[in-house]
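The values are calculated or read from the model by the stated rules, or taken from the named source; none is laboratory data. Predicted model only: the values in this text are computed from it and were never measured. Using ideal geometry, Cβ is built from the backbone for each residue, glycine included, and neighbour counts are taken over all protein chains shown.
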Amino acid sequence: MKPAEVQESRIVLAAYGDSLVAGWGLATADALPARLEAEFAAPGPCHVPDVRVLDFGVSGDTALDGLERLDEVLAARPRAVLLEFGANDCYQGIPVKETRAALERMTAALLGAGAKVFLAGWRTRADLFSPQFDDPDLAGLVPLAPPEFNNGYVKRFNAMHAELAAKFGLPLMPHILDPLDGQPGCFQADGVHPNAKGAGILARHLAPLLLPLLKEQSA
């Protein structure tokens with residue numbers, strides 16, 4: 001559901017991130033926010049009446065881009081936030097200290113507004129820019145690694161989300177795509193973005209992890 005559609009009486013979960021939240025290449029009904037909302041609406045252990053999952057995902061966003069949209073997320077008064085940034089930061093070689101600072105500012109503001117935050121990380125790899133990970137849309141051209149991208153960058157980047165979770169006491173999924181590991185047929189042609197099946201698996205995995213954040217303040 002898009003942010004403008006929310007009603008005051010609803011419990012709001014903000015899905016705040018990049019294309020992995022927005023559902024790049026998917027119909028709105030198949031993207032992660034809609035699939036999460038369906039999980040909470042369905043009878044069963046994750047059922048929470050009147051939850052609305054608002055889609056604050058923007059494809060291509062880095063954490064710095066996401067920070068510029070923070071006021072929009074705060075205006076929705078979410079009870080809980082799924083915060084997910086990082087993939088585009090490492091693809092662009094954004095300095096880790098800049099990505100971390102942006103995530104810290106978002107987290108502090110959300111917690112300060114009374115929202116509960118669930119942090120979903122991204123794990124990069126040193127061979128990210130090798131041919132087997134080339135984007136098929138680039139017609140076989142291997143993109144050059146940004147100047148900041150080296151083994152030290154990979155090590156610092158991959159420690160960042162866990163360090164933030166420890167600092168703020170947040171629940172953490174170290175890598176947003178971990179639930180799809182070993183699951184066949186879950187990705188689009190680029191091998192990065194989940195397809196409808198993959199988004200459904202992510203939603204089923206995330207719903208019970210997000211459930212305590214939605215119920216904690218309603219008790």
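List of remarks:
- Single match in Thr124, Thr99, Thr62 (criterion: within 12 Å of the chain's Cα centre (by Cα), under 21 Å from Ala162 (Cβ atoms) and in contact (Cβ under 8 Å) with a residue 12 or more places away in the chain): Thr62
- Checked against the criterion of being modelled with pLDDT under 95, of a type outside the set (Val, Ile, Thr) and closer than 23 Å to Glu98 by Cβ, the candidates Arg156, Arg125 yield just one match: Arg125.
- For segment 49-104, a tally of residues being out of contact with any Lys or Arg (no Cβ under 7 Å at 6 or more places or on another chain) and among the aromatic types (Phe, Trp, Tyr) returns 2.
- The single residue among Ala189, Ala162, Ala166 that is of a type in the set (A, V, I, L, M, F, W, C), exposed (fewer than 13 other Cβ atoms within 10 Å of the Cβ) and at pLDDT 95 or above turns out to be Ala166.
- A count restricted to segment 155-173 and to residues that are assigned to a helix (DSSP H, G or I) and out of contact with any helix residue (DSSP H, G or I) (no Cβ under 7 Å at 6 or more places or on another chain) stands at 9.
- Wholly within segment 1-116, helices (runs of 4 or more DSSP H) carrying at least 2 residues that are surrounded by fewer than 15 Cβ atoms within 10 Å (Cβ to Cβ): 70-75, 96-112
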